[in-house]
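The values are calculated or read from the model by the stated rules, or taken from the named source; none is laboratory data. Values in this document were obtained by computation on a predicted structure and should not be read as measured data. Cβ sites come from the backbone with ideal geometry, for glycine too, and all protein chains shown count toward neighbours. Keep in mind that these areas ignore ligands, DNA and RNA; they rest on the heavy atoms of the full protein, side chains included. Shrake-Rupley method; radii C 1.70, N 1.55, O 1.52, S 1.80 Å.
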Amino acid sequence: MVVQDTSPSVGAMASLDRGQASVQSARPAAKPVRRLPVQKDWRAWALISAQIGILIGGLSLWEIGARAGWIDAFFWSQPSAIARTMALFFGSGDAWTDISFTFRSTIFGFLIGTTAGSLLGLSFWWSRNYAAIVQPYVICLESIPKLALAPLIILVFGIGLLSKVAVATALTLVVSTLTANAGVKALDPDGEKLFYSLGASRLQVFRKLVVPFCLPWIISVLRVNIGRAILYAGQTYDIALVWVAVLVLSTLAMVMYATVSWVESMLRKGVRQ
């Protein structure tokens, strides 16, 4: 009995391989998967070193430009003259008294204006009619130059600490009100309906939904109000003394910014919990 060989021949296998190769070559090449760019954060010492390097480089160019006559030292002064003026300023007994006065007026005005403005903006959620009545006055107050109110404020509060606090409050109040109101307007109405459907009262909706939702808006305006709360004016041609005031106020701004960042981290942590 003869057994027929049913296995494919070598020629058939070769033709099959060529067919598969031609099919594979006809297919479009798969595109490489595009990976998202990964940004590596620098270490703290590297960031601080870069910041100090930029500061030193800028001061060096400023000093060289003033000495070489590239910039007018009368209008722009120079770092060496500012350093001498700063030494004389802090050597006098009144320097720390003036700094303390500025710090107190700035911080009090910042806290009062931000707190009162945020509460006023959040209060617009309670009644659309109340918001429609009050908002035009807020917009009108925003359009008035705040420094134009300074003579009136001085007449009412005098030239002491209260007048400085009142000006800082006026500068920060309206911005906080409008920002908090923007957060209220962005609130999702479906979220409110969900809370009411679960049996929440109006006060509970305000505390559990409105305030946490508007909290990022309120935090964002804190940084804006830092600069608005700090007021200074130079009525002198001693430009070096003006730069000393700028440096002192910039230090105050950095301290307030660090404090606001810490408060923000604490509040966000409370919201996540």
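Given 20 °C and 1.002 mPa s, how large is the Stokes-Einstein diffusion coefficient of the range 113-155 in µm²/s, with Rh as the Kirkwood radius over Cα pairs?
On the way: Rh = 11.8 Å.
Translational diffusion coefficient: 181 µm²/s.
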Bins of 5 Å, starting at 0 and running to the largest distance - Cα pair percent for the range 73-215: 2, 9, 13, 14, 13, 11, 11, 8, 6, 5, 4, 2, 2, 1
Peptides 246-257, 118-129 ordered by average Cβ neighbours within 10 Å, highest first: 118-129, 246-257
Per-peptide average of other Cβ atoms within 10 Å, ordering 74-84, 158-168 highest first: 158-168, 74-84
With DNA, RNA and ligands ignored, accessible area of residue 63 (1.4 Å probe; Å², nearest 10): 30
Net dipole in debye of the range 170-222 [+1 Lys, Arg Cβ; -1 Asp, Glu Cβ; about Cα centre; nearest 20]: 140
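Per the 1.4 Å probe, what fraction of the accessible area of the range 32-149, in percent, lies on carbon and sulfur atoms?
Numbers: 6180 of 8890 Å².
That share works out to 69 percent.
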Distance between modelled label sites at residue 43 and residue 196, nm, 7 Å Cα→Cβ extension: 5.7
Charged-residue dipole, Cβ positions (Lys, Arg, Asp, Glu), the range 51-137 about Cα centre, Debye nearest 20: 240
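Per the Kirkwood treatment, what hydrodynamic radius in Å, one decimal, follows for the range 85-152 from the mean inverse distance over all distinct Cα pairs? Present the calculation step by step, with values, prior to reporting the outcome.
Details: mean 1/r = 0.0652 Å⁻¹.
Kirkwood radius, the range 85-152: 15.3 Å.
Roughly how many Å² is the accessible area per residue of the range 129-207, as a whole number, for a 1.4 Å probe?
Numbers: 4700 Å² over 79 residues.
Spelled out: the 1.4 Å probe surface of the range 129-207, per residue, equals 59 Å².
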